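Novice: The structure is given below, and queries will be raised subsequently.
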Amino acid sequence: MILTEISQYLQQGKAKDVKALVQKALEDHYSPQDILNEGMIAGMQIIGAKFKKNEVFVPEVLIAARAMNAGLEVLRPILIDSGVKPIGKAIICTVAGDLHDIGKNLVKMMFEGQGIECLDLGVDVHPTVIIEAIKQHKPDLVCLSALLATTMMGQKDVIEALKQAGLREQVKVLIGGAPVTMAFAEEIGADGYAMDAASAAELAKEILLNKEKI
Amino acid sequence: MRKVTIKNQNNEKTILVPEGSNLLSVLREHAYVVNATCGGSGRCKKCVVNVNGDPKLSCQTIITEDIVVEFADDRRASKQILMDSSATHYRIAIDIGTTTLAGYLIDLDNGKVVATNSLYNPQISYGADVISRIKHCSLGSLPALHRVIIKVINEMVTDLLPNQRPEHLILSGNTVMLHILMNEDPTSMGRSPYIAPFLSSKEFSGDLLKINAKKVILLPSISSFIGADIVAGCLYIGLLQEKKNVLFIDLGTNGEMVLKANDTYYGTSTAAGPAFEGANIEKGLGGVKGAISAVSYEKTLMIETISGTPEGICGSGLIDIIALLRREQMLDETGLLVTNQESQLVHRLIDDKFYVTDTVYITQKDIREFQLAKSAIVSGIMVLLDQAQIELSSLAQVYIAGGFGFHMNKKSAIAVGLLPVQLEDKIRIVGNSSGLGSVQVANDLSLVGECETIAREVICIDLNKETKFNQYFIDNIYFAL
């Protein structure tokens, strides 16, 4: 079946094949939503689960994500035309003082793989920039990455700044990065923590879907 | 208040602490050495002590009752006397490593090193890497970290020279270690733009910091992440006098490197992570007693330890094991452990763990940690070469410094891709070049000027700002086919 094939090629990171198969599936009258969910997102979830178990490593996730983006290039205009909305919107960045973005980029790709729209503010982002972006783009999630034990307090600074700006209730704050722990997330009052990119995407999806119910 | 009775091989001591105190914090305050690799966040699981007879993570233990704590206050101290000496004047050089301190006693009558000693850096209780140490300093523990380092330096000085005060004590170390030594807040070095409060050399009376030496000389650093240890290393290999293109790498936690190409100096720090020093590796150890330092396999599996029976694996052992797994096709090029029924060693692979002995093994996750570390090193080399616009082939020599480098098997290092294959015949292992460079300074104090020149000449490359670094990093994570 073509959707399974899309999933498999995506897992192998074959961007060209994914792109061609998405095109073909559309010609065969598969719904864009099924192509996204049962083809690409399904493939990305398998990669995510394998990453979590150390079965695949950073490069496999990156090339799979690259293949996903190739497929999305074809699919995105059609999804928009047919009124399919992303399941939510997230702002993502590394905190002030932190320049390490490989982890953040992985999380972003995983999010996109789950159908979450991502606005990437880049690295070394000051809380005021995040606040402006929230006001302008009204995201559901704010995702903060910190790789160093010395920069993780920057995640707390953002949460405090959100409170001061009266925006804390409008968004859910998710944090991650090598030195970050669940205990730290609770201590600084974040809404969630994930220990790897795949778990982060699952957590985000769960939060977004529950939010809709409310 | 609660009573905490602390027992170890040397003594027994009872202290009173407020109820609700964290056990690791209490042990730190009383200058006990507990291996808290992750800095006390409950993740590395290495700070185990016996509490009332049960093994507990000290960082996760809150004191709510009177307790008896038992552990080996294992500082891995060692001393070697190299020759008899009865000089009237001595100088001492100490390299303050993040993991280990190394001391050298120099007889000024003949300029020879007559004794050496080494000791774990007791700041390990505050985390294995410089970033954890900076964090603890920024949270108010600078005075405590400063105190313990002064204490061990004095212990090492007395151990080397029991009945007199050395004329000069020459100190090298990474920039963060030197700041803590001077009781200077290193907080600004922990975040971009990574500014170091001081970099230049210092000379002061030992009394100033209660150090047991008449005069103390601190060697200069290059940047926040390229310290005086690297400067001393460059001095030791004669970098200033070098005519050809050469590369100097300290294979340790910070993975610093300096390239001299066409008479220009480029330096960087790859933050390879503490995998080479045994942290982040489940059964990892530094280059100390009980550490497996070499593994080879011809019909039978041969294991060498630094000394004693195998308890864990140090960096050189790790690369030997990974090279072996690659050769036996039990590890594919992506870094995945695979069951190869053809290999005689297949029975040692159980539940994604490869058992080197009955109790010492490496895990799939350890291999992933190693892949990140080796890719950081190779990618750092590539970025420096790009900066200098030269190719790997135009390097005449690669000097490998560091304790791990000392035991490293060159063939294994190439096989696992820690160093590019083009460098195979150019590798020269120089040991603790930081300590040895400091010994040179101890013999000729005017060399401090040469150190200043090195520190000034090196152009620092910040890998975080080099977009090509990320690409190289991804490209080099796998093992070569």
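The values are calculated or read from the model by the stated rules, or taken from the named source; none is laboratory data. What you are looking at is a predicted structure, and each value in this text was computed from that prediction instead of being measured. For neighbour counting, all protein chains shown are included, and Cβ atoms are generated from backbone atoms with ideal geometry for every residue, glycine included. These area figures cover heavy atoms from the full protein model, side chains too; ligands, DNA and RNA do not enter into them. Shrake-Rupley method; radii C 1.70, N 1.55, O 1.52, S 1.80 Å.
Novice: Is there any pair with a first residue in the stretch B:321-343 that is among the hydroxyl-bearing types (Ser, Thr, Tyr) and a second that is at pLDDT 95 or above whose Cβ atoms are under 7 Å apart and which are 6 or more apart or on different chains, and what are they?
Specialist: Listed pairs, sorted by first residue: B:339/B:346; B:339/B:349; B:343/B:328; B:343/B:329; B:343/B:330.
So that you can scan it fast, the table gives a plain yes or no per residue for (1) surrounded by fewer than 19 Cβ atoms within 10 Å (Cβ to Cβ); (2) within 29 Å of residue B:444 (Cβ to Cβ):
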| position | (1), (2) |
| --- | --- |
| B:51 | no, no |
| B:56 | yes, no |
| B:60 | yes, no |
| B:69 | no, no |
| B:77 | yes, no |
| B:81 | yes, yes |
| B:87 | yes, yes |
| B:91 | no, yes |
| B:94 | no, yes |
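Novice: What do you reckon, is residue A:129 away from every other protein chain (no Cβ under 14 Å) and either touching a strand residue (DSSP E or B) at 6+ places or on another chain (Cβ under 7 Å) or assigned to a loop (DSSP other than H, G, I, E, B) (or both)?
Specialist: On the way: away from every other protein chain (no Cβ under 14 Å): yes; either touching a strand residue (DSSP E or B) at 6+ places or on another chain (Cβ under 7 Å) or assigned to a loop (DSSP other than H, G, I, E, B) (or both): yes.
For residue A:129, the condition - away from every other protein chain (no Cβ under 14 Å) and either touching a strand residue (DSSP E or B) at 6+ places or on another chain (Cβ under 7 Å) or assigned to a loop (DSSP other than H, G, I, E, B) (or both) - is met.
Novice: Could you look through the stretch A:46-62, keep only residues that are part of a helix (DSSP H, G or I) and open to solvent by less than 40 Å² (accessible area, probe 1.4 Å), and pick out the one that is farthest from the other protein chains (Cβ to nearest Cβ)?
Specialist: Taking the candidates together, the pick is A:48.
Novice: Evaluate the following for residue B:211: is it within 22 Å of the chain's Cα centre (by Cα) and either farther than 23 Å from residue B:402 by Cα or in contact (Cβ under 8 Å) with a residue 12 or more places away in the chain (or both)?
Specialist: For residue B:211, the condition - within 22 Å of the chain's Cα centre (by Cα) and either farther than 23 Å from residue B:402 by Cα or in contact (Cβ under 8 Å) with a residue 12 or more places away in the chain (or both) - is not met.
Novice: Name the single residue, out of those in the stretch B:25-60 being among the hydroxyl-bearing types (Ser, Thr, Tyr) and within 14 Å of chain A (Cβ to nearest Cβ), that is farthest from residue B:125 (Cα to Cα).
Specialist: B:41
Novice: Residues that are basic (Lys, Arg), touching a Leu at 6+ places or on another chain (Cβ under 7 Å) and open to solvent by less than 40 Å² (accessible area, probe 1.4 Å): does the stretch B:363-374 have at least one?
Specialist: yes
Here is a yes/no grid of residues against (1) on the phi < 0 side of the Ramachandran plot; (2) outside any strand (DSSP E or B):
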residue: B:26; (1), (2): yes, yes
residue: B:39; (1), (2): no, yes
residue: B:45; (1), (2): no, yes
residue: B:55; (1), (2): yes, no
residue: B:83; (1), (2): yes, yes
residue: B:91; (1), (2): yes, no
residue: B:94; (1), (2): yes, no
residue: B:98; (1), (2): yes, yes
residue: B:103; (1), (2): yes, no
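Novice: If the requirement is being in contact with a Cys (Cβ under 8 Å, 6 or more places away or on another chain) and surrounded by 18 or more Cβ atoms within 10 Å (Cβ to Cβ), which of these qualifies: A:65, A:25, A:90, A:42? Walk me through how you get there before you give the answer.
Specialist: Numbers: A:65 fails: in contact with a Cys (Cβ under 8 Å, 6 or more places away or on another chain); A:25 fails: in contact with a Cys (Cβ under 8 Å, 6 or more places away or on another chain); A:42 fails: in contact with a Cys (Cβ under 8 Å, 6 or more places away or on another chain).
The unique qualifying residue is A:90.
Novice: Given the structure, is residue B:479 touching a residue at least 12 places away in the same chain (Cβ under 8 Å), within 14 Å of chain A (Cβ to nearest Cβ) and either within 30 Å of residue B:215 (Cβ to Cβ) or in a loop (DSSP other than H, G, I, E, B) (or both)?
Specialist: When the stated conditions are applied, residue B:479 passes them.
Novice: Which residues, counting only those in the stretch B:188-233, are touching a Pro at 6+ places or on another chain (Cβ under 9 Å) and polar (S, T, N, Q)?
Specialist: B:188, B:200, B:201, B:212, B:224
So that you can scan it fast, the table gives a plain yes or no per residue for (1) in a strand (DSSP E or B); (2) closer than 14 Å to residue A:94 by Cα; (3) open to solvent by less than 20 Å² (accessible area, probe 1.4 Å):
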position: A:143; (1), (2), (3): yes, yes, yes
position: A:147; (1), (2), (3): no, yes, no
position: A:156; (1), (2), (3): no, yes, no
position: A:161; (1), (2), (3): no, no, no
position: A:166; (1), (2), (3): no, no, no
position: A:169; (1), (2), (3): no, no, no
position: A:178; (1), (2), (3): no, yes, no
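Novice: I would also like to ask the following. What's the number of the only condition in (1) within 14 Å of chain A (Cβ to nearest Cβ); (2) more than 21 Å from residue B:410 (Cα to Cα); (3) open to solvent by 10 Å² or more (accessible area, probe 1.4 Å) that residue B:354 fails to meet?
Specialist: (3)
Novice: Quick check on the stretch B:191-201: of everything there that is within 14 Å of residue B:180 (Cα to Cα) and open to solvent by 40 Å² or more (accessible area, probe 1.4 Å), which residue is farthest from the other protein chains (Cβ to nearest Cβ)?
Specialist: B:199
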